[in-house]
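Heads up: the structure comes next, in structure tokens.
Derivation of every value follows stated rules applied to the coordinates shown; laboratory data play no part. Keep in mind it's a predicted model, so treat the numbers as computed, not measured. Counting neighbours? That spans all protein chains shown, and the Cβs are built from the backbone with ideal geometry, glycine included.
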């Protein structure tokens with residue numbers, strides 16, 4: 001099939017989804033999918049994993065932003081080798097002895113084994129184009145980036161460290177909200193983290209909040225929406241309760257695109273929508289405007 005036949009060069013696709021391209025350098029489909037190709041959630045075409053990695057997990061065909069690890073997010077923003085992770089051994093306990101379909105301790109063990117991280121948040125000092133910052137990122141793969149006592153402690157320490165160093169704070173948010181397995185101890189983190197942020201702002205140091213998909217619940221209701229500047233990735237879901245819950249509560253049909261970053265931008269809730277591949281440059285420009 002040629003490009004004139006309706007397919008892009010080297011791509012063969014169906015109306016409702018792509019097939020693995022066959023070329024001189026490709027393996028048979030059943031082998032090529034494993035470890036080499038990823039099907040785009042946006043356009044359904046198959047993408048080379050190495051191309052996705054080079055593009056920070058953004059589809060170079062439709063621009064869809066796939067999920068990305070916290071470490072890769074930070075690598076795409078800070079100066080190479082400048083990030084120093086702090087408190088990486090902090091991990092949650094089970095103060096309430098919580099059990100739903102399985103014990104909370106089992107969920108924690110599963111998340112640690114899956115992500116090879118001890119919590120849903122990592123942070124530390126770094127530089128961006130030589131300017132000192134304290135930066136942190138959520139890891140949504142760890143129990144949906146939910147905010148428990150350890151995550152709240154780390155975010156609080158991030159703001160406190162930025163205050164001590166007299167430099168900007170940056171948080172890349174991706175969370176389903178408070179962690180229900182820790183009950184009120186989780187909800188307390190909203191107050192603790194915002195109090196630390198208030199002290200940072202009183203000292204005149206800027207805070208940049210980056211909102212990614214999704215940023216919801218107690219995280220959205222606290223420090224995520226208290227930035228001096230709010231940046232968001234395209235089509236990110238941002239809000240407190242989900243659209244389905246809101247519709248059921250108010251018994252009204254919500255506007256198209258409700259709670260997506262484009263909708264929030266139109267209504268003045270965020271400052272800019274930024275492609276992940278341009279985020280480092282945009283943050284660097286903001287830092288120069290805020291600091292110089």
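Computed values, structure above
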read-out	value
Order of 116, 67 - criterion: other Cβ atoms within 10 Å of each residue's Cβ, fewest first	116, 67
Cα centroid of segment 64-81 to Cα centroid of segment 250-292, whole Å	18
Cα shape, segment 159-266, gyration tensor, a/c 1.5 rule	oblate
Inter-label distance for residue 69 and residue 48, nm, one decimal - labels placed 7 Å from Cα along Cα-to-Cβ	2.2
Antiparallel DSSP beta bridges within the chain, percent to nearest 5	45
The chain, relative contact order in percent, only Cα pairs under 8 angstrom and at least six apart counted	12
Residue order, fewest to most beta carbons within 10 Å, for 171, 253	253, 171
Cα shape, the chain, gyration tensor, a/c 1.5 rule	prolate
